[in-house]
Amino acid sequence: MSNQPDSEIKNYYNQLAHDYDNNRFNNSYGQYLDQQERAFLKRILGKTAPTHCMDIGCGTGRLLDYADYGVDFSPEMLKVAREKYPHKILLEGSLTEIPIENHQLEVIYSFHVIMHQDYATTEQFLNQAQQKLKPNGKLIFDFPSAKRRQAVKHQQQSWHAAHQMTLAEIEKLLGTQWKLVESQGFLFFPIHRIPTILRPLFRSLDNLMCRSFLKEYASYLVVVLEKQPSVNN
């Protein structure tokens, strides 16, 4: 759980913004993770139009191909995203203050954001998303797998990606507002450490393991939640 003030996290991403894409995704690890995340989004979103989707924590716009709305709390990250996607609706906001009217969206997705938060913020995010989504709308987000970190004896040294969870912990947060309809892992094997010639074989095996009963031992987990009927909607 991170106790880092939001202002410090925002400053971190403001300073990193103009080198973010190169720093995080111009390497074999980042490219492979990007491929897994895109394949997952394409499958889950299906024929859902980008006009009904929002990417929260959109950063520099890496996954904005699938949403017309993007939200981030870093103005410098948004500046880069606007250069790439001048016709998208890109807004400054956060997980707990989503800048759109209630019941407007069919899908909200958020990647590499919950990992920097804590349980209280995650719960607030669920409440906010529930208000912004249409009936039966979907909420998609990822987080580091606690079981994987326990298995490899991972010791987190800073706030960055410090918020790890299990699927059981997510289910405890859902209450009657949400139904967990799907979950999957990302990065079961350290693909970036495997010789290039062998990667195609390991990619297929990695994808298989990430969707198996061992998925909680992948580096990350992603969940798809469906908004449930409420007397207040």
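Condition first: open to solvent by 40 Å² or more (accessible area, probe 1.4 Å) and over 23 Å from Gln104 (Cβ atoms). Now tell me which residues in the range 36-52 satisfy that.
Arg38, Ala39, Arg43
In this structure, is Leu95 modelled with pLDDT of 95 or more and either closer than 30 Å to Ile197 by Cα or not polar (S, T, N, Q) (or both)?
No: the conditions fail for Leu95.
Looking at the range 1-96, what helices (runs of 4 or more DSSP H) fall wholly within it and have at least 1 residues that are more than 30 Å from Ser204 (Cα to Cα)?
6-16, 75-84
Pull out all pairs, ordered by first then second residue, where Cβ-Cβ is under 9 Å, the residues are six or more apart or on different chains, the first lies in the range 98-113 and is touching a residue at least 60 places away in the same chain (Cβ under 8 Å), and the second is basic (Lys, Arg) and not in a strand (DSSP E or B).
That search, which allows pairs on different chains as well, returns His103/Lys132; Phe111/Arg62.
Under 7 Å between Cβ atoms, at least 6 apart or on separate chains: pull out the pairs that start in the range 68-83 with a residue that is closer than 15 Å to Asp19 by Cα and end on any residue that is open to solvent by 40 Å² or more (accessible area, probe 1.4 Å).
Ser74/Lys10; Pro75/Glu92; Leu78/Glu92; Val80/His18
For Asp21, which of the numbered conditions (1) touching a strand residue (DSSP E or B) at 6+ places or on another chain (Cβ under 8 Å); (2) open to solvent by less than 60 Å² (accessible area, probe 1.4 Å) fails to hold?
Answer for Asp21: the failing condition is (1).
Restricting attention to the range 203-231, report how many residues are within 22 Å of Met115 (Cα to Cα) and among the aromatic types (Phe, Trp, Tyr).
Qualifying residue count for the region: 2.
Pairs under 8 Å by beta carbon, first residue more than 17 Å from Ala39 (Cα to Cα) in the range 175-193, partner buried (at least 19 other Cβ atoms within 10 Å of the Cβ) and basic (Lys, Arg), six or more apart or different chains?
Short answer, once both residue conditions are applied: Gln177/Lys227; Trp178/Lys227; Val181/Lys138.
Could you please let me know if Ile140 is of a type in the set (A, V, I, L, M) and closer than 19 Å to Ser74 by Cβ?
Considered against the rule, which asks whether it is of a type in the set (A, V, I, L, M) and closer than 19 Å to Ser74 by Cβ, Ile140 comes out as no.
For Asp55, state whether it is touching a Cys at 6+ places or on another chain (Cβ under 7 Å), at pLDDT 90 or above and either buried (at least 20 other Cβ atoms within 10 Å of the Cβ) or at positive phi (or both).
no
The values are calculated or read from the model by the stated rules, or taken from the named source; none is laboratory data. If you're wondering where the values come from, they're calculated on a predicted model, not measured in any experiment. As a convention, Cβ positions derive from the backbone with ideal geometry for all residues, glycine included, and neighbour counts pool all protein chains shown. To get the accessible areas, we keep the full protein, side chains included, count just its heavy atoms, and leave off ligands, DNA and RNA. Shrake-Rupley method; radii C 1.70, N 1.55, O 1.52, S 1.80 Å.
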